[in-house]
Amino acid sequence: MNLFWEGYAWPTIVIVAQIIAMIVPLLVAVAYLTYAERKVIAAMQMRKGPNVVGPFGLLQPLADGVKLLFKETILPAGANRVVFILAPVLTFSLAMVAWSVIPVDEGWAIADINVGILFLFAISSLGVYGVIMAGWASNSKYPFLGALRSAAQMVSYEVSMGFVIITVLLCVGSLNLTDIVLAQRNVWFCVPLLPMFVIFFISTLAETNRAPFDLPEGESELVAGYFVEYSAMAFALFFLGEYANMILMSGMTTILFLGGWLPPLGFAPFTWIPGPIWFFAKVALVLFLFLWVRATFPRYRYDQLMRLGWKVFLPFSLLWVVVTAGALLAFGWLPK
Amino acid sequence: MIVQALAFYLFAAIMVASAVMVISSRNPVHSVLFLILAFFNAAGLFVLLGAEFLAMILVVVYVGAVAVLFLFVVMMLDVNIAELRHGFLQYLPIGALIGLILLVELGMVAGAWVISPGAGAAAHLPIPPPDQVTNTAALGHVLYDHYVYLFQSAGLILLVAMVGAIVLTLRQREGVRRQSIARQISRRRDEAIEVKDVTSGSGV
């Protein structure tokens, strides 16, 4: 009995509690990211944004959620039912699963695994399946076109993202996310690897299908792209998944380039603030960049998008991998 | 241990079931989706073995890239099921032969284990104990320290294969208008615009 309690039951309870402690704030963050997006873009366009529901419109995300919850879920007659329903569930759950390895502070990760960054890369490369499955299962032309675009786009930008990650790994010497953050004690990687930081940020925009790379859901040509046929909660799951992915990618950028939970300078007034607050502040900063970009830039044309991915980012990041590796070797800076 | 055994049987059972579904399901897109599920469970088995690097690479390469291309192609095919059934019987002997060869080879591997347990250890490099070296580092040592030339030549062969595939499929079409961004940007006002005085009533 004691063995059962200490060996199985208690660890299960601890893990479930950790998962809840991660997921609930994440969902709240997703809800308020939609609010922040509308407010930020409104401010940039000199409008007011949501301001009716609750003080400063703060209850708007809840109102939207309730509205979507009570709407009717429509299954199109020609749709492949199982895949059609599986797609949004997959998108949403993948966006949640990836958070299991993100360290918010030293030791504050649900699973601090050896190959953390590869896990994140693997999970983010699976995101394309939600989109493809949705597009195919809808059995309709606009979703299908959106899905095809999205698949090509996400696969293309993954390649340069992979090279950016390799550059960071060269400087760290470990695939563990905690090690990656701790390696930035002296200087954040966004300083010596500034070009890779820029490439990574732009690639995350493409990877999350955000403006200016939101061709998979380009309203002007494809109505709403791969989720045209979705309604109510299924649509909401796509929406939540997209925003959770944005937060995830911001978290990844923070860990790889902005020093995770580390304060910007290692002395008194900065070190008083606990690590998780630094982490969230940096994630919020990157998210603000996401919104800023959306408010500022027009949508890319599709061939230019592909050109940027394959003919600009890929050779450049490959070159930078070689340069970084050469510099580390020449100056003897290779991590032990 | 019980948890690990349960996880093993769960992954193995789902993997075998989805592998059967890959070849038996009627819809080719469903086949690819089941194939992805099988890859996933294989990755789970790798993790149980302690080979987490291989597990993640399996997911990144096979699920994240290869299967996407599969799905991409299969989705756009207009497949006639009846035709497929016809081909199934035609290719059954070859498929059965390949399956048989694989089975015999697997049997031989297992047989070597049973007959002389030391043979496997003598054939390959000693594996460092997992608590000293992460398996990423161990794999790196094997690939880049001991077999670097073989590794490089494998890379070269892949490069040749890639070039070959591009050469075989590249078609130069006539009359394709390409965009030259540098030329567009370097255009000046006086090259692009011409100001003309047009008297009313007459054209340009």
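Any idea what Rg and Dmax come out to for the protein assembly as shown if you just take the C-alpha atoms, in Å?
Here Rg and the maximum Cα pair distance are 26.5, 103 Å.
What's the whole-number percent of alpha carbon pairs in region A:247-336 lying beyond 21 angstrom?
Within region A:247-336, distances greater than 21 Å cover 59 percent of Cα pairs.
Once you have all Cα-Cα distances for region A:64-199, histogram them in 10 Å bins from zero and send the whole-percent values.
Histogram of Cα-Cα distances, whole percents per bin: 11, 30, 29, 19, 10, 1.
Count the net charge of all other residues whose Cβ sits under 10 Å from the Cβ of A:Lys39, scoring Lys and Arg as +1 and Asp and Glu as -1.
Around A:Lys39, the surrounding residues sum to +2.
Using a simple spin-label model with points 7 Å from Cα along the Cα→Cβ vector, what separation in nm is obtained for A:Leu318 and B:Leu143?
Inter-label distance under the simple model: 1.7 nm.
With unit charges on the beta carbon (Lys/Arg positive, Asp/Glu negative), name the residue among B:Leu54, B:Ile181, B:Ser24 whose Cα is farthest towards the positive pole of the charge dipole of chain B.
In chain B, that residue is B:Ile181.
Under 14 Å Cα to Cα from A:Lys282, which aspartates and glutamates show up? Leave out anything in the same chain fewer than 8 places away.
Qualifying aspartates and glutamates at Cα under 14 Å: A:Asp105.
Please compute, over every Cα-Cα pair in chain B, the percentage with a separation greater than 30 angstrom.
Working: 10911 of 20706 pairs.
Distances greater than 30 Å cover 53 percent of the Cα pairs.
Under 1.5 on a/c is rounded, so check that first for region A:1-156, then, if it is not, pick prolate when a/b is larger than b/c and oblate when it is not; a ≥ b ≥ c are the square roots of the alpha carbon gyration tensor eigenvalues.
oblate
How would B:Leu159, A:Leu287 line up from fewest to most surrounding beta-carbon atoms within 10 angstrom?
If I rank by nearby Cβ atoms, fewest first, I get B:Leu159, A:Leu287.
Only helices at least 30 Å long along their own axis, judged from Cα atoms, and with Kyte-Doolittle mean hydropathy of -1.0 or greater: name those in chain B from DSSP H. It would help to have the intermediate numbers written out before the result.
Working: long enough: B:2-24 (33 Å, 2.25); B:28-49 (32 Å, 2.14); B:81-115 (47 Å, 1.53); B:148-169 (32 Å, 2.17).
Flagged H segments are B:2-24, B:28-49, B:81-115, B:148-169.
Please list A:125-137, A:88-100, A:234-246, B:174-186 highest first by mean number of surrounding beta-carbon atoms within 10 Å per residue.
A:125-137, A:234-246, A:88-100, B:174-186
For chain A, with the dipole built from +1 on Lys and Arg beta-carbon atoms and -1 on Asp and Glu ones, taken about the Cα centre, which of A:Ala36, A:Pro212, A:Thr73 lies farthest toward the positive end?
Sorting the options by dipole projection puts first A:Pro212.
Which helices count as membrane-span-like in chain A under these terms: full DSSP H, at least 18 Å along the axis by C-alpha, Kyte-Doolittle mean of 1.0 or more?
Result, helices passing both filters: A:10-44, A:81-97, A:116-137, A:141-172, A:194-207, A:232-257, A:275-296, A:314-330.
Every number in this text was worked out from the coordinates using simple rules, so none of it is lab data. All of these numbers come straight from a predicted model, not from anything done at the bench. Note: ideal-geometry Cβ built from the backbone for every residue, glycine included; neighbour counts use all protein chains shown.
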